[in-house]
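Notes follow the structure.
Where a number appears in this text, it was derived from the coordinates with a stated rule and is not lab data. Everything numeric in this text was worked out from a predicted model, so none of it was measured. All Cβ positions, glycine included, derive from the backbone under ideal geometry; neighbour counts span all protein chains shown.
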């Protein structure tokens, strides 16, 4: 379980992540929360981080 | 509309029908999910999504797990539901496994995390009322906590937005400051029968408890003869790198509530209970008559032998200790 405080509304970041093919959720108005399946691979984690970065940069 | 035509609905049709017929208690994502495989889900328009929510920590083994599918198919051909009036082997075997893999001596099964917390509150009040008198009935919960949306659990979830429309709530709940031992000590007294805390607060913003805080809360519970309940509905079953979050803290509760990933996606919850509390049996006069998700018991029972503890947690080699962006409960600020 990972929480990230961000300086924009979590909802807009979540929608931006959807556009990048990534599903994340929130835990508060400006906090993202990631709880992937426990079978996630290191490569998939890298991809998730990459896509999340792209989503946040697009905002 | 027939099942056949339903499968051919466009995503816009699905969203329109949802708006028309389904009570809007959640804001939904702007796509319609169709199927999944591994850590990926696919919408009806063919888009793939890497799923880092997993049904909010429910789908711990992802989608299309062959072991779970085989167990479901096998059990579905035998029995789907069995009332609490009858014995079944899978349920007792699951209970045995849960006890053998934890501090617990007994297990209570239910259908969800909020029910598990309701049950834990009842067990605590019954325990205190039996041994120590009816005045010892206060349950202490913490700021930022989320324990569920049924009335008792909601009463211990001090979020104005969740509570305001539904007052009056359950009396006898006190809220203490999370990760503030001195502040918590001021709330504690002889009327407290139980303290409930999430070792890692999930909904509240992903805040791990400080080890010294949990150790101090344990000591306060001992001092005031109150039960310590850990709510590991979201942070338990491998999510923090150990099977149970409490193992990482070295603090043992008297009751542990679990649900979400327990049956890999079927609704199922449980309370793991120490002998100290379980000694109150026979409990049949006051236990709620919730159906226990027996099919789920079959599922998780079937999936565990092939996935021993370490494999469930780290089946991909993605050990929390070695992968900084992985599954460890951490907060990146």
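Observations, loosely collected:
- Label point of residue B:47 set 7 angstrom out along Cα-Cβ; within the range A:26-53, amide nitrogens under 16 Å from it belong to A:51-52.
- Mean sequence separation of contacting Cα pairs (under 8 Å, at least six apart), scaled by the length of the range B:69-204, corresponds to a relative contact order of 23 percent.
- By the count of other C-beta atoms within 10 Å, a proxy for reagent exposure, A:40, B:229, B:187 are ordered fewest to most as B:187, A:40, B:229.
- Footprinting exposure proxy for B:276, B:125, A:57, B:93 (fewest neighbouring C-beta atoms within 10 Å first): A:57, B:276, B:93, B:125
- Projected onto planes of every orientation and averaged, the convex hull of the alpha-carbon atoms in chain A covers 3.6 nm².
- Whether the range B:91-212 is rounded, prolate or oblate, judged on the alpha carbon gyration tensor where a/c under 1.5 counts as rounded: rounded
- Considered as an equivalent ellipsoid built on the Cα gyration tensor, the range B:1-137 has semi-axes of 38, 22, 17 Å, the largest given first.
- With N counted as the residues of the range B:235-284, its alpha-carbon radius of gyration over 2.2 N^0.38 Å works out to 1.30.
- Computed as a quarter of the hull surface, the mean projected area of the alpha carbon convex hull for the range B:173-258 stands at 5.0 nm².
- Label separation (residue B:12 vs residue A:50): 3.4 nm, computed from points 7 Å beyond Cα along the C-beta direction.
- Helical content alone sets the calculated 222 nm signal of chain A at -14000 deg cm²/dmol, taking -39,500 (n - 2.57) per DSSP H segment of four or more residues and averaging over every residue.
- One decimal place: the segment residue B:279-residue B:73 gains 70.4 nm when fully extended, by the rule 0.36 nm per residue minus the C-alpha distance.
- Beta bridges per DSSP with both ends in the range B:180-280, % antiparallel, nearest 5: 45
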